[in-house]
Amino acid sequence: MRFGVVVFPGSNCDHDAWYAVSHNLGHSAEFIWHDASTLGPVDAVILPGGFSYGDYLRCGAIAKFSRVMGAVSEFAATGGLVLGICNGFQVLVESGLLPGALLRNRNLKFVCRPVRLRVETANTPFTATANAGQTLSLPVAHGEGCYFADDQTLAMLRHDDRVVLRYIDNPNGSLDDIAGICSEKRNVMGMMPHPERASDALLGGIDGKVILESMIHSLSVAAA
């Protein structure tokens, strides 16, 4: 499978995502510059963590105007898999590909540590090889990771089984302990924890591989 990793000015987890896909999982991965008008022949897209455009104005608020986001939106509209990690989640929300907002952490401090998550649904291409209720340990590193949405949106996410991951030990005050959600068509997911940083035993754990492996599995099934 061929993954595209979007690179914005200020991205700092792009090589982590590239390495996890290409070296830990043995699939093709290539970088896509923020000014690209097309994605090329990719099967899935990753928007990595970091500080796109320095996170000026608001996290992801400038990145949504990047030329590449037009291509990402078109790719998602045709059913392409898009995973936004940390800052990538913020970009997806700012771009309107996912509902809600990511606000400053409740304690107004940057948090950088492993956290425990629960997989809430296996009914997504990003958790297809996981089990509902499965516990994962993944690192977080963010200052604006508090997920917020109005009551109607939260009720909709719960009703439609679109809360993909929840914090067991909530590090940022996210409403409903939300750590990751998916789109209505279930082909776009945003998550604050970093699966790419937990895909190599040398880094202390491999729980993150289930997210990327699920994408590969889902793409393989769709191509069969």
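The values are calculated or read from the model by the stated rules, or taken from the named source; none is laboratory data. Predicted, not measured: the structure shown is a model, and the values here were computed from it. Neighbour counts are summed over all protein chains in view; Cβ atoms, including those assigned to glycine, are modelled from backbone coordinates with ideal geometry.
Some notes on this structure:
- None of 165, 136 is in contact with a helix residue (DSSP H, G or I) (Cβ under 8 Å, 6 or more places away or on another chain), touching a residue at least 40 places away in the same chain (Cβ under 8 Å) and over 13 Å from residue 99 (Cβ atoms) except 136.
- Here is the figure for the stretch 77-95: residues that are in a helix (DSSP H, G or I) and either buried (at least 22 other Cβ atoms within 10 Å of the Cβ) or in contact with a helix residue (DSSP H, G or I) (Cβ under 9 Å, 6 or more places away or on another chain) (or both) total 8.
- Of all residue pairs spaced 6 or more apart or on separate chains, those with beta-carbon atoms under 8 Å, a first member in the stretch 39-60 that is farther than 18 Å from residue 191 by Cβ and touching a residue at least 60 places away in the same chain (Cβ under 8 Å) and a second member that is of a type outside the set (A, V, I, L, M) and part of a strand (DSSP E or B) are 43/2; 43/3.
- If only residues of the stretch 104-118 that are without any contact (Cβ under 8 Å) to a residue 60 or more places away in the chain and hydrophobic (A, V, I, L, M, F, W, C) are counted, the one that is surrounded by the most Cβ atoms within 10 Å (Cβ to Cβ) is 110.
- Of the residues making up the stretch 144-174, those that are of a type in the set (D, E, K, R), part of a loop (DSSP other than H, G, I, E, B) and on the phi < 0 side of the Ramachandran plot number 5.
- Within the stretch 175-193, the residues that satisfy the criterion of being part of a loop (DSSP other than H, G, I, E, B) and within 14 Å of residue 116 (Cβ to Cβ) are 192, 193.
Residue-by-condition table, conditions (1) more than 18 Å from residue 207 (Cβ to Cβ); (2) modelled with pLDDT of 95 or more; (3) surrounded by fewer than 19 Cβ atoms within 10 Å (Cβ to Cβ):
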{"position": "127", "(1), (2), (3)": "no, yes, no"}
{"position": "131", "(1), (2), (3)": "no, yes, yes"}
{"position": "143", "(1), (2), (3)": "yes, yes, yes"}
{"position": "146", "(1), (2), (3)": "yes, yes, no"}
{"position": "151", "(1), (2), (3)": "yes, yes, yes"}
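- Selection within the stretch 103-138 - in a loop (DSSP other than H, G, I, E, B) and of a type in the set (Gly, Ala, Ser): 122, 128, 130, 132, 133
- Qualifying residue in the stretch 59-73 (condition: surrounded by fewer than 21 Cβ atoms within 10 Å (Cβ to Cβ), in contact with a Pro (Cβ under 9 Å, 6 or more places away or on another chain), of a type outside the set (Val, Ile, Thr) and farther than 20 Å from residue 223 by Cα): no
- From 29, 20, residue being small (Gly, Ala, Ser), touching a Leu at 6+ places or on another chain (Cβ under 7 Å), farther than 19 Å from residue 97 by Cα and not in a loop (DSSP other than H, G, I, E, B): 20
Conditions (1) modelled with pLDDT of 95 or more; (2) over 13 Å from residue 165 (Cβ atoms); (3) over 15 Å from the mean Cα position of the chain (by Cα), marked per residue:
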site: 46; (1), (2), (3): yes, yes, no
site: 76; (1), (2), (3): yes, yes, no
site: 88; (1), (2), (3): yes, yes, no
site: 97; (1), (2), (3): yes, yes, no
site: 110; (1), (2), (3): yes, yes, yes
site: 118; (1), (2), (3): yes, no, yes
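- Residues located in the stretch 202-219, provided they are in a helix (DSSP H, G or I) and at pLDDT 95 or above: 209, 210, 211, 212, 213, 214, 215, 216, 217, 218, 219
- Some residue of the stretch 179-186 being at pLDDT below 95, touching a strand residue (DSSP E or B) at 6+ places or on another chain (Cβ under 6 Å) and either charged (D, E, K, R) or buried (at least 24 other Cβ atoms within 10 Å of the Cβ) (or both): no
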